[in-house]
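Take a look at the structure set out below.
The values are calculated or read from the model by the stated rules, or taken from the named source; none is laboratory data. Note that the structure is predicted; figures quoted are calculated from it, not measured. Here Cβ is always computed from backbone atoms with ideal geometry, including for glycine, and neighbour counts include all displayed protein chains. These area figures cover heavy atoms from the full protein model, side chains too; ligands, DNA and RNA do not enter into them. Shrake-Rupley method; radii C 1.70, N 1.55, O 1.52, S 1.80 Å.
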Amino acid sequence: MKNIEIKLRAHHGMCLAFFEGKGYSAGFTAHMARILEYLEQENPTVTVVAEADCICGGCPNLTDGRCRKAALVEHYDKAVLALCGMEEHSISDWESFSARVAERILSQGKRRDICGGCQWSSICKEKEALYRL
């Protein structure tokens, strides 16, 4: 697969760290698994955003390019950007962005402060102890 630049929501850096094959639907889960595999194998350039991205394309909450939970997820994105010392539309390779999220948020126990009320939070809670070693 050709290494292409992709848009990635800032908070998806956390979601991808804890992804285990669960999601809104089988189609969404397969879509997210393919994206994670691509990121890990190719280490592409990512433009970190606070808007719909490559993962959102498979989400049932996305309608006409806009998330039905836009205010909530934009809050998540802005918190991740701030804690990572980044601005929206920052460009990074995937590995560097992922490492920054792990170092500045996950290993510091700050994930719950950002998205502790998310419906998938229980999955993350089980796994985040690994980042605090």
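Candidates in region 70-91 are the residues that are closer than 17 Å to Arg112 by Cβ and hydrophobic (A, V, I, L, M, F, W, C); of these, the one that is surrounded by the fewest Cβ atoms within 10 Å (Cβ to Cβ) is Ala82. For region 13-55, filtered to residues that are in a helix (DSSP H, G or I) and under 15 Å from Ser96 (Cβ atoms), the residue that is modelled with the lowest pLDDT is Ala17.
Only a single item in (1) under 21 Å from Leu83 (Cβ atoms); (2) surrounded by 18 or more Cβ atoms within 10 Å (Cβ to Cβ); (3) not charged (D, E, K, R) is not met by Cys59, and it is number (1). Within region 102-133, the set of residues being farther than 17 Å from Ala79 by Cβ, open to solvent by 70 Å² or more (accessible area, probe 1.4 Å) and within 15 Å of the chain's Cα centre (by Cα) comprises just one member, Gln119. Quick check, is Ala99 more than 19 Å from Leu36 (Cα to Cα) and either touching a residue at least 12 places away in the same chain (Cβ under 8 Å) or not polar (S, T, N, Q) (or both)? When the stated conditions are applied, Ala99 does not pass them. The residues of region 73-93 that are assigned to a helix (DSSP H, G or I), in contact with a helix residue (DSSP H, G or I) (Cβ under 9 Å, 6 or more places away or on another chain) and free of Cβ contacts under 8 Å to residues at least 60 places away in the same chain, listed by number, are His75, Leu83.
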